[in-house]
1. Using the basic label-point model (7 angstrom from Cα toward the beta carbon), what is the B:Asn120 to B:Glu218 distance in nanometres?
2. FRET efficiency for B:Asn81 and A:Gln76, Cβ-Cβ distance as r, R0 = 41 Å, nearest 0.05?
3. At 7 Å along the Cα-to-beta-carbon direction for both B:Arg19 and B:Ile68, put a label point, then send me their distance in nm to one decimal.
4. Based on the Cβ-Cβ distance of A:Glu108 and A:Asp7, what FRET efficiency does E = 1/(1 + (r/R0)^6) give at R0 = 51 Å, to the nearest 0.05?
5. Can you give the extra length, in nm with one decimal, that the chain gains between A:Asn67 and A:Asp119 once fully stretched, where that is 0.36 nm per residue apart less the Cα-Cα distance?
6. State whether segment B:164-248 is rounded, prolate or oblate according to the following rule on the C-alpha gyration tensor (a ≥ b ≥ c being the square roots of its eigenvalues): a/c under 1.5 gives rounded; otherwise a/b larger than b/c gives prolate, and the remaining case gives oblate.
7. Using label points projected 7 Å from each Cα along Cα→Cβ, tell me how many nm separate B:Ser28 and A:Ile57, to one decimal.
8. On a straight-distance basis, which lysines could pair with B:Lys200 in a cross-link, Cα separation under 24 angstrom, same-chain partners fewer than 8 positions away excluded?
Amino acid sequence: MGNRAKDEFSLIYDQHITKIYRFIFLKVSSREIAEDLSSEVFTRTWTEFNKQEIKNIQAFLYGVARNLIADHYRVQGRIKIVSVEATFDIQDEQDDLQEQANLSSDMEMVQKALSDLKDDYQNLIIWRYLEELSVPEIAEITGKSEENVRVGVHRALQSLKGKLPMGKIEEKV
Amino acid sequence: MQEKELLAKLSQLKSIEPRHDWVILAKSRILGAEEHQVLRDAQISPVARILSHLRYLSRPALVIAGIILFVLGGAFLQAQNSLPGDRLYSVRSVIERARFGLSSQSQSLVYMELAQRRLNDLRKVAEGNKVRNLPSAIKEFEASVSQASRSLAQLVENNPENALQAGLEAVQLQKEKSQIEQILGTTLGENGEELENAAKKLIEAELADLKTRTLTEEQGILFEQAKTAFEEGDLQTALEQLWLVSNI
């Protein structure tokens with residue numbers, strides 16, 4: 001494990017930490033848990049990074065993150081993602097005041113709707129519209145065909161619209 | 001709201017970002033944990049070493065020695081996966097102590113690492129509902145935390161400049177302990193207090209030391225944040241800020 005590996009991984013960390021943190025935060029709705037899990041994602045990836053070549057680091061990071069989130073909910077005995085409203089009640093006030101303040105009511109509504117989607121749809125929406133990953137990139141992460149990803153993204157967006165209490169939304173695909 | 005508007009709202013969720021301080025600290029922890037990782041990886045290497053000797057199969061004496069080594073290697077591996085309360089656990093405990101005894105880490109960090117391992121054992125026992133192993137796992141964990149606390153207290157007194165990393169590990173350990181207490185639905189002895197007291201002493205010593213030094217503006221802000229966090233009982237943040245003061 002030389003300095004070169006450290007430098008390389010340091011760069012990977014800088015490039016992906018925010019995306020991975022955000023991905024986890026949107027699913028656990030707690031800064032503290034998101035920090036713990038994000039840290040674990042990079043610790044495990046660093047271990048693997050030193051053992052073998054990781055072909056697609058982004059896909060690997062998201063894969064580890066998804067497993068850790070699943071483990072988290074398994075241990076907590078919860079299967080559903082906590083909604084924004086519910087979270088605001090239980091979150092550490094000090095932790096999230098700033099994030100709450102930054103969220104407009106529309107954003108809150110969208111985040112809540114997002115948290116109500118099934119897990120696969122949440123992932124697709126986050127990757128496609130928040131992180132602006134390309135369809136081939138998402139296909140790499142999910143292991144699905146590009147066509148399946150396109151259909152999935154379309155359905156996920158439809159489902160998100162259905163969760164929003166704002167009447168019909170015009171679609172522009 | 002048009003779809004375009006919806007997508008705009010979605011992209012506003014990008015404002016969710018991790019704390020800058022945490023990003024730096026987590027990176028340092030992950031890359032700094034290299035030595036610990038080498039020790040973890042070393043659990044696998046004995047088997048690789050045994051297998052590499054198979055080329056001597058044409059020599060009977062070496063074959064016998066190889067078989068013995070292989071059997072011992074199997075027992076060694078089984079011991080590695082044992083939990084407190086299992087028959088082979090004492091073997092694992094001896095191996096771990098011997099291995100850590102040879103490492104170049106400071107003693108306090110070694111004890112922290114051992115306590116972390118006992119906590120991981122306890123987590124496995126709790127999550128796997130292994131009732132038989134529970135009393136031994138709790139006992140082992142409490143003993144290792146007690147040892148780690150004493151060692152941290154000594155480090156604070158004798159070598160305070162090297163105590164911050166151990167302090168951070170201590171607070172992390174305390175946090176994980178609370179999570180396991182939630183799973184178990186019970187508190188785990190008084191050792192947490194011992195660990196917390198050692199961390200408090202460390203923070204007090206660091207704050208007092210930094211007060212006598214000339215700090216940059218950024219260090220001054222971090223110092224004040226550490227002080228406030230300590231006064232509010234948030235030991236983890238206090239230690240993180242102090243660590244940053246020394247490392248920016």
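The values are calculated or read from the model by the stated rules, or taken from the named source; none is laboratory data. Bear in mind the structure is a predicted one, so any value in this text is a computation, not a measurement. We place every Cβ from the backbone using ideal geometry, glycine too, and count neighbours over all the protein chains shown. SASA here: full protein model, heavy atoms, side chains in, ligands and nucleic acids out. Shrake-Rupley method; radii C 1.70, N 1.55, O 1.52, S 1.80 Å.
1. Modelled inter-label distance: 3.4 nm.
2. Working: r = 26 Å, r/R0 = 0.63.
For R0 = 41 Å, the calculated efficiency reads 0.95.
3. 5.7
4. 0.80
5. Full-extension gain reported as 17.5 nm.
6. The shape class here is prolate.
7. So the label points at B:Ser28 and A:Ile57 sit 2.2 nm apart.
8. Straight-line reach from B:Lys200, under 24 Å: B:Lys175, B:Lys177, B:Lys211, B:Lys227.
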